[in-house]
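Data block below; observations after.
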Amino acid sequence: MELKENALQTEIYRIRGQGDALTQQDLEALKRGGDILKKGGLVAFPTETVYGLGGNAFDPEAAAAIYRAKGRPSDNPLIVHIYRMEDLEQVASAVSEKAYLLAERFWPGPMTMILPKAKAVPLQTTGGLETVAVRMPSDPVAAALIRFAGGFVAAPSANISGRPSPTKARYVVEDMDGRIDMILDGGENEIGLESTIVDLTVDPPQILRPGFITARMLADVLGEDVGMDPGMLGKDASLRPKAPGMKYRHYAPRGEMFLVDGPDPGVIADCIAGRALQDLEQGEKVGLLVGSSVARALNEAEVPRSAESGRVLLRVIEDEGDQKEIAHRLYAILREFDDENVTRIYAEKFPEEGLGAAVNNRMKKAAGTVLTAGEER
Ligand code: TXA
Ligand code: MG
């Protein structure tokens, strides 16, 4: 798809208030943003997950403008963001008891529900589907903007299609300056990975995209296990993911990326070191994203020494058990590799528990190839 020319004058406003407290100036800027959205314009805004690229959810032309600005295929539906529970039934034609149980527990917060769509939501917003994705973000800037916009903001992540979702305002500026009307800079996003998507149109509900709200947390509220969309898990290549966005090679850095799994840190480090040294000989620039155990094992190889030459970028998750840190830093590290023109990336596969499922899901989407260390070469 053709990208729109960088022809617009984009207002970039830095939020001044801290935490939940917004200043008078902030509120004025948010009001301007709300007015832009009401008139069919586009405003990027922070949420607790990643930055969103907002447009009026009831305006088919706003949806079209979002697709243009992102360079995104228009069959990939948008999430409708609301700011209060009583608005849910304006966008969803039926809200089951289970949906209310989840909403009451996890909203406002990083959970998106798929529900049957209300007539008022145009098919352009839902990518032609009769269902709608709805989420109530907890970020106070997001909530205020949605309120000033009249309550219903359709927003995908604010990146150009195929790039990692932006977790800092400067990445939104990189991708969207000149393409949209306004960017609200609210600093770094708290979580750094997109919301968990739960499909409530099937019973038991199913996770279409893992996120901060885990299968376990959902099951605890519902009193039954939730499923995982088999198409998303990708074990059977004939099944397509139910969330259209999950079928694309997504979150892709510019360099070729390999996700490296293995029985222990030593074996993973050996695999990475062997390949990286070969890549360096061939003139590649290498980016490594590993936990501290693999980093220690890599120390014994010559790889880190090459880091001094600037041809290896080593990014270490110091506390590799801290999944929040991994989630929080992942997209920024991938973008940094892009900025430094890294051509080969090796990332360690982190443990699958808790938030790890979401981290590994995004890493798999970013990586062209998954390697099992010890079984190859
Ligand atoms: O955390 C988030 O969810 C962020 C912030 C901005 O809220 N938004 C976000 O939007 O990640 P986006 O557009 O990048 O991802 C939305 C995902 C896509 O994979 C899309 O295919 C899926 O949600 N989706 C939207 N509507 C759907 C529907 N009706 N049925 C199935 N999947 C849907
Ligand atoms: Mg996205």
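Laboratory data are not the source of any read-out in this text; all were calculated from the coordinates shown. Note that this is a predicted model, so its numbers are computed, not measured. So basically every Cβ, Gly included, is an ideal-geometry build from the backbone, and we count neighbours across all protein chains shown.
In this simple spin-label model, placing a label point 7 Å from the Cα along the Cα-to-Cβ direction at both Glu188 and Glu340 gives a separation of 1.7 nm.
Taking a ≥ b ≥ c as the square roots of the eigenvalues of the Cα gyration tensor, an a/c ratio of 1.5 or more together with a/b larger than b/c marks the chain as prolate. Stokes-Einstein, applied to the Kirkwood radius of region 66-154 over Cα pairs at a viscosity of 1.002 mPa s and 20 °C, places its translational diffusion at 161 µm² s⁻¹.
Take the Kirkwood radius over Cα pairs of region 294-353, plug it into Stokes-Einstein at 20 °C and 1.002 mPa s, and you get 168 µm²/s for translational diffusion.
Label separation (Glu11 vs Leu27): 1.7 nm, computed from points 7 Å beyond Cα along the C-beta direction. Rounded to the nearest 20 debye, the dipole magnitude of region 206-323 is 660 debye, with +1 charges on Lys and Arg beta carbons, -1 on Asp and Glu beta carbons, and the Cα centre as origin.
For region 166-205, the C-alpha radius of gyration sits at 1.70 times the compact-globule guess of 2.2 N^0.38 Å, with N the residue count. Within the same chain, lysines fewer than 8 places from Lys349 are excluded, and of the rest, those with a Cα less than 30 Å from its Cα are Lys70, Lys168, Lys235, Lys242, Lys247, Lys285, Lys324, Lys364, Lys365.
So what's region 206-255 giving for Cα Rg divided by 2.2 N^0.38 Å, two decimals?
Relative to the rule-of-thumb radius for its length, region 206-255 sits at 1.33.
Rg and Dmax over the alpha-carbon atoms of region 118-275 stand at 18.6, 57 Å. Taking the centroid of alpha carbons for each part, region 1-78 and region 191-215 are 24 Å apart. Rounded to the nearest 10 degrees, the inclination of helix 356-366 to the longest alpha-carbon principal axis of the chain is 80 degrees.
Looking at the chain, send over the antiparallel percent of its DSSP beta bridges, to the nearest 5.
Working: 18 of 52 bridges.
Within the chain, antiparallel bridges account for around 35 percent of the total.
How much of the DSSP bridge set in region 35-186 is antiparallel, in percent, rounded to the nearest 5? Within region 35-186, antiparallel bridges account for around 75 percent of the total. On the beta carbon distance between Asp264 and Glu224, with R0 = 51 Å, the FRET formula returns roughly 0.90. Is region 46-99 best put as rounded, prolate or oblate by its Cα gyration tensor, with a ≥ b ≥ c the root eigenvalues, rounded for a/c under 1.5, and otherwise prolate when a/b is larger than b/c, oblate when not? Prolate is the answer for region 46-99, as a/c is 1.5 or above and a/b outweighs b/c. If R0 is taken as 56 Å, the Cβ-Cβ distance between Lys235 and Lys38 corresponds to a FRET efficiency of 0.80. Going from the fewest other Cβ atoms within 10 Å to the most, the residues Lys117, Lys70 appear in the order Lys117, Lys70.
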